[in-house]
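Please read the structure below before turning to the comments.
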Amino acid sequence: MVPEVVIELVSLYKNRIPLKIILEVLEVSSSTYHRWKNSTDLNTSLSDNEEAVIQICKETKYLYGYRKITALLRREMQISHNTVQRIMQKHNLNCRVRVKKHRKIGQNSFVTDNLLQRDFKTERPLEKLVTDITYLPFGPKMLYLSSVMDCFNGEIISYTIGDTQDVSFVLDTLNQLPTIEAPCILHSDQGAVYTSHSYQTQVKNKSIAMSMSRKGTPADNAPIESFHSTLKSETFYLFPELCSSSEIVSQTVINFINYYNETRIQAKLGYVSPVEFRLQA
């Protein structure tokens, strides 16, 4: 761990999280941290490029790889991918490895056809939507997140956080959708809440065509599966202290969705955020 990175992280979180917990998460001893902090020449040998790369890595909370960091830097300066990669490797700033989790498969009842067939490309908003429920086993009690993503730009356009995953839970998410005027497909897995009569009736009332994955095939719903994995990897798996209460878990999810939609750049969108992509379309 680079001294500059440790000191900056402590500075960012020390008012909210005890120093001892921060250092335990970073796997840095207290004596080492204080030795680094008391040093007066940490930044004296950094080049302009190094300072720029380190600064943008700090601002993005060390969650981006060198390609995204390069894309952000090129908004203000000329710099190559190789230079950014070399600097990030030198200062141990590479994107953190994500922890993979297996999801639990729901029970099926009345199943519709798989209309998407893993073709998630679309030319306009609200043409292809994907939805799913993910577990949030991070606080004192189990919470669940139901969300809907627009495949056009990967934006989360509706979501609900709750402590039960019943039909009313997913209907709340469904009813947050904007008015659908053009043909639209909503894709889900074969979970019991999605195959229920109440849910399918409400989908039809909104003039939406229902599509479902094959049983036990998460790849059929890859975009929303990937989002839920990213959410957990970039929050709870990196910062266990966010799991201290159900209120903090819920607020963390809300904050991340806002960040994901409005700020987090994506390579497939030309290194802009989902909202920026939609506004530019």
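So how many residues does the stretch 256-267 have that are assigned to a helix (DSSP H, G or I) and either within 11 Å of the chain's Cα centre (by Cα) or farther than 30 Å from residue 280 by Cβ (or both)?
6
Looking at 196, 246, 233, 213, which is the one that is surrounded by 16 or more Cβ atoms within 10 Å (Cβ to Cβ), within 17 Å of residue 160 (Cα to Cα) and among the hydroxyl-bearing types (Ser, Thr, Tyr)? Quick ask: steps written out before the conclusion?
On the way: 196 fails: within 17 Å of residue 160 (Cα to Cα); 233 fails: within 17 Å of residue 160 (Cα to Cα); 213 fails: within 17 Å of residue 160 (Cα to Cα).
Among 196, 246, 233, 213, only 246 is surrounded by 16 or more Cβ atoms within 10 Å (Cβ to Cβ), within 17 Å of residue 160 (Cα to Cα) and among the hydroxyl-bearing types (Ser, Thr, Tyr).
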For this session: Count, please, the residues in the stretch 22-37 that happen to be more than 21 Å from residue 60 (Cα to Cα) and surrounded by 13 or more Cβ atoms within 10 Å (Cβ to Cβ).
Result: 6
Seminar exercise, completed: Scanning the stretch 142-197 for residues that are among the aliphatic types (A, V, I, L, M), touching a helix residue (DSSP H, G or I) at 6+ places or on another chain (Cβ under 8 Å) and over 18 Å from residue 224 (Cα atoms) gives 167
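Only one of these is farther than 19 Å from residue 133 by Cβ and in contact with a Lys or Arg (Cβ under 9 Å, 6 or more places away or on another chain): 247, 262, 225, 234. Name it.
The conditions single out 234.
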Exercise. Quick check: anything in the stretch 84-102 at pLDDT 90 or above and closer than 23 Å to residue 268 by Cβ?
Worked result: yes
For this session: Check the stretch 265-275 and report whether any residue there is charged (D, E, K, R), assigned by TED's automatic domain parsing to the domain that holds residue 136, touching a helix residue (DSSP H, G or I) at 6+ places or on another chain (Cβ under 8 Å) and surrounded by fewer than 16 Cβ atoms within 10 Å (Cβ to Cβ).
Result: no
Exercise. List, please: which pairs have Cβ atoms under 6 Å, are six or more places apart or on different chains, and start with a residue in the stretch 122-145 that is crowded, with 16+ Cβ neighbours inside 10 Å and end with one that is of a type in the set (Gly, Ala, Ser)?
Worked result: 131/188; 133/146; 139/245; 139/246; 144/162
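The values are calculated or read from the model by the stated rules, or taken from the named source; none is laboratory data. Quick caveat, the model's predicted, so the values are computed rather than measured. Here Cβ is always computed from backbone atoms with ideal geometry, including for glycine, and neighbour counts include all displayed protein chains.
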